[in-house]
Amino acid sequence: MYDTSKLSRHCMLVAATLLSATSLSAGERWQGRFSDWGIATAVTGINSAAADGCPIESPDGLSLYIASNRTGTLGGNDIWAADRATKDEAWGEPQNLGAPVNSEAADFCPTPLEGSYLLFVSERPGPETCNAGPGKGDIYLIRRNAAFGWGEPQHLGCMENGTGPNTAGAEFSPSLVRTWAGTFLYFSSTVSGNMDIYRSRMGADGKFGPPEAVQELNTEFDDRMPNVSRDGLEMVFSSTRPVDAKGNASFGSFDVFVSTRPSVFHRWSAPVNLGPNVNTAGGETRSSLSGDGLRLYFGRGGDIYTSSRQRTWRRH
């Protein structure tokens, strides 16, 4: 049987860690934000002849997690990670995380968290899943112990049972953010038939509730794979929507868009296309922000790209 009490303890530990590590203090505000994103380039030493995607940095910026079907996978797609000693150094060779993170099914959309936790999506079958299988992944949480390695993946529960964010559709790109308005899990799902952006609130018991659509971000187009900044004020995601309100076509099949808000109690702004420094005639998918907000990663054509920016104003 699925041990919900174990999951609850996992989630409450994540929440406690994020409260100290990712929240702004009550009086802390940004006087400004960042420069524009620079021209994106392929990430050196990470890409292979296989399909590589789903890039995201660890909170400390010293590991880069990806999904890939390169040689050495256990299934159709596995989660890999590359390390570096400092943010100024090149990435080392990606290593397969192995079982139980990876399985004979497709495993992807890794999201590393403080405290050696990892959120990811898997199409592995099982009695606890929400009809998971090929093309229909569920969100899991797992933790790595320094002495014993990875624990067992904890399924986050099914909407149909009122116990979690997962649905009978396909879930992508979990992004956890702790804010003064609560702890939220953002992700995309086909639960409505179209791929849209959702969020699930963590309750006082550490469990996530059913998903609710982030209405101001969704369209009749494909809106997917959100990633929220550490302060909860910026989100990047991929969409096939037109590039602007005039209906001008996007640069490619999927483009990266950004939405912001002045505080975690406000709605998200109208999304803005990141433009030709990031987007091309190819498709840009699963974008993510580094913990310090200075680096953007995304997939394009089976390779991983990155863009950088500078902080223009300071905290006060």
*Note the direction-averaged projected area, equal to a quarter of the hull surface, for the Cα convex hull of region 215-316, in nm².*
6.9
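Report the net charge of residues surrounding Asn102, where surrounding means a beta-carbon distance below 13 angstrom and charges are Lys +1, Arg +1, Asp -1, Glu -1.
Spelling it out: positives minus negatives among the neighbours equals -2.
Per-residue ellipticity at 222 nm for the chain, helices alone: DSSP H runs ≥ 4 residues times -39500 (n - 2.57), over residue total, nearest 500 deg cm²/dmol? Show your work: numbers first, answer last.
Details: 1 runs with 18 residues, N = 316.
Result for the chain, helices only: -2000 deg cm²/dmol.
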*Three principal axis extents, largest first, for the C-alpha atoms of region 119-208, in Å?*
43, 35, 21
*Evaluate 2.2 N^0.38 Å with N set to the residue count of region 141-190, then give the Cα radius of gyration divided by it.*
1.37
*asked:* Restricting to Cα pairs below 8 Å that are 6+ residues apart, what does the relative contact order work out to for region 4-308? Please round to a whole percent.
replied: 17
*By the scheme Lys and Arg +1, Asp and Glu -1, what is the net charge of all other residues having a beta-carbon under 14 Å from that of Leu113?*
+1
*Gaussian network model of the chain, Cα springs within a sub-10 Å range: biggest mean-square fluctuation belongs to which of Pro112, Pro125, Pro211?*
Pro125
*Compute the distribution of all C-alpha to C-alpha distances in region 193-242, in bins of 5 Å from 0, and list the percent of pairs in each, rounded to whole numbers.*
5, 19, 24, 24, 17, 9, 3, 1, 0
*Over the Cα atoms of region 4-308, how large are the radius of gyration and the largest Cα-Cα distance (Dmax), in Å?*
17.9, 56
*Find how many whole Å separate the alpha carbon centroid of region 136-165 from the alpha carbon centroid of region 251-316.*
27
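FYI, it's all coordinate maths here, none of it is from the lab. Because the structure is a prediction, the values reported are computed rather than measured. When we count neighbours, we look across all protein chains shown, and the Cβ atoms used for this are built from the backbone with ideal geometry, even at glycine.
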